[in-house]
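Have a look at the structure below before the remarks.
The values are calculated or read from the model by the stated rules, or taken from the named source; none is laboratory data. Being a predicted model, the structure only gives us computed values, none of them experimental. Positions of Cβ are generated from backbone atoms using ideal geometry, with glycine treated the same way; all protein chains shown enter the neighbour counts. What goes into the accessible areas is simple: the full protein's heavy atoms, side chains included, and nothing from ligands, DNA or RNA. Shrake-Rupley method; radii C 1.70, N 1.55, O 1.52, S 1.80 Å.
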Amino acid sequence: QMRLVQSGGGLVQAGGSLRLSCAASGRTFSRDAMAWYRQAPDKEREFVACISWTNSTDYTDSVKGRFTISRDNAKKMVYLQMNSLGPEDTAVYYCAAGPNIATVKNRRYITIWGQGTLVTVSS
């Protein structure tokens, strides 16, 4: 079974940047699709970005042009670079893994999650 351990996050002012990291261990990583989700207070967990094993990416509309997902298969890492952050980006961010893009874009199908990391953007 794959295990995901996240790092990064914290407090940043509006307009600033942060990078989240997610380290995978356990089963083979290179063929898995990876994703980032976030959950704001009193809201459901929502899809943010995903990346296939061939580096095809997709983003939710609200982060397009600001966030970039990437992966390093040799290091078994996935990253989320977040720029031009605003208070609306404040949430707990989770990385996730699955066998394909269709799986990781639907949270109900995901069974492998990171522990979550808090991102707080002050105005």
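Highest mean first, the peptides 11-22, 26-37, 79-90 sorted by other C-beta atoms within 10 Å per residue fall in the order 26-37, 79-90, 11-22. For the chain, the Cβ-based charge dipole about the Cα centre amounts to some 420 debye (Lys, Arg positive; Asp, Glu negative; other atoms uncharged).
The phi torsions of the stretch 44-49, fed into the Karplus equation with coefficients 6.51, -1.76 and 1.60 and a -60° offset, translate into couplings of 6, 5, 10, 5, 10, 7 Hz, rounded to whole numbers, with Gly and Pro shown as x. Working note: Cα gyration tensor of the stretch 23-68, eigenvalues times five, square-rooted, sorted largest first, giving semi-axes of 22, 15, 7 Å.
Label-to-label distance for Thr120 and Lys43 is 1.7 nm, based on points extended 7 Å past Cα in the beta-carbon direction. Rolling a 1.4 Å probe across the protein heavy atoms gives the stretch 1-92 an accessible surface of 51 Å² per residue.
Once both labels are positioned 7 Å from their Cα atoms along Cα-to-Cβ, the gap between Asn73 and Arg3 label points is 2.4 nm.
Note on the stretch 1-49: Kirkwood hydrodynamic radius from all Cα pairs is 13.1 Å, rounded to one decimal.
Considering all different alpha carbon pairs of the chain, the Kirkwood hydrodynamic radius works out to 14.1 Å.
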